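Structure first, then comments.
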């Protein structure tokens, strides 16, 4: 299929926009599939938080066409929205739910995460006697300390759960707390605890269709955790999920073939000649060391370009790295472009992505403020139009 791009007619000349390369998404999916440990292991694509800022509906449509038939989201609201483009696919809500949301799960055929007997009772009360068994996934807490039944209480839970005539335990899963840390011991322990729970379930005569544990880093680093379903999220979008900081996984080899699929762009909205020793932006945190040219970019922290990038980040203009100078403000950011030959107003600016031989990745920005790439892409405001290429 020929490459196409889409831009809303309401924004014929956007000042800030994100480009999403869907052909790169398909390539990343192919690479992930090639690394699955077994022929019977399938993929649950995590598209929560608007597909980590990439656009949930557009991403899901492409993944669906590539054969993905299982998706993970965080809330029932996301699931209902996703159901509009995924009429038959399985959708699992990874978060918890309130009793008032149960009818929506049933009506839209959304799979809930069950973390207690109370959760099971809420669903059973809402199911008609004539209804087929309703599929659920039970979460086992093996060390995350968040949602789920504690692993040591799992046998007691399943003894009672198997008596629920209207409920089908279609899946059982856990979540790794330390898969992105250098120390593997804690994740190995979680796997061992989960395997013990699975043995107990089997002895009770319960045979879930789906068993899953591996998120992106679990998938990449702990091959024996693939089981029969994996949950890639950030890896699908080509971003390295490794943390920063002293306890981070600094030297983990992230597959070079997995490439970021998102670029964030803006334009130079104003140019100003500035003399030496001029103060720049709020707080006068930057003073020019020589006569130069300062470009104003119409993007700031209200768009998701963080205030923490002030005096630290750089952008790309005509293939040149241009430093952010002064404090990033709500709607505008200043950069020094005195060294860029021929620079002019309305030139394209790359905040994330490639320009000629240079590149800025979300991970580079994340490193500046000691966070993770997820936070960078998820923070890109929904008012920024997404332009999809490579359908």
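Limited to the stretch 190-230, what total is found for residues that are part of a loop (DSSP other than H, G, I, E, B) and surrounded by fewer than 24 Cβ atoms within 10 Å (Cβ to Cβ)? The total comes to 11. For the stretch 117-136, filtering for residues that are touching a helix residue (DSSP H, G or I) at 6+ places or on another chain (Cβ under 8 Å) and surrounded by 15 or more Cβ atoms within 10 Å (Cβ to Cβ) leaves 7. Taking residue 104 as the residue in question, decide whether it is assigned by TED's automatic domain parsing to the domain that holds residue 32 and either under 30 Å from residue 390 (Cα atoms) or surrounded by 14 or more Cβ atoms within 10 Å (Cβ to Cβ) (or both). Spelling it out, residue 104 is indeed assigned by TED's automatic domain parsing to the domain that holds residue 32 and either under 30 Å from residue 390 (Cα atoms) or surrounded by 14 or more Cβ atoms within 10 Å (Cβ to Cβ) (or both).
Residues that are out of contact with any strand residue (DSSP E or B) (no Cβ under 9 Å at 6 or more places or on another chain) and assigned to a helix (DSSP H, G or I) within the stretch 364-391 comprise 366, 367, 368, 373, 374, 375, 378, listed in sequence order. Does residue 179 meet the test of being part of a loop (DSSP other than H, G, I, E, B), in contact (Cβ under 8 Å) with a residue 12 or more places away in the chain, in contact with a strand residue (DSSP E or B) (Cβ under 8 Å, 6 or more places away or on another chain) and surrounded by 22 or more Cβ atoms within 10 Å (Cβ to Cβ)? No: the conditions fail for residue 179.
The values are calculated or read from the model by the stated rules, or taken from the named source; none is laboratory data. Worth saying up front: this structure is predicted, and the values here are computed from it rather than measured. Note that we place each Cβ from the backbone using ideal geometry, even for glycine, and neighbour counts take in every protein chain shown.
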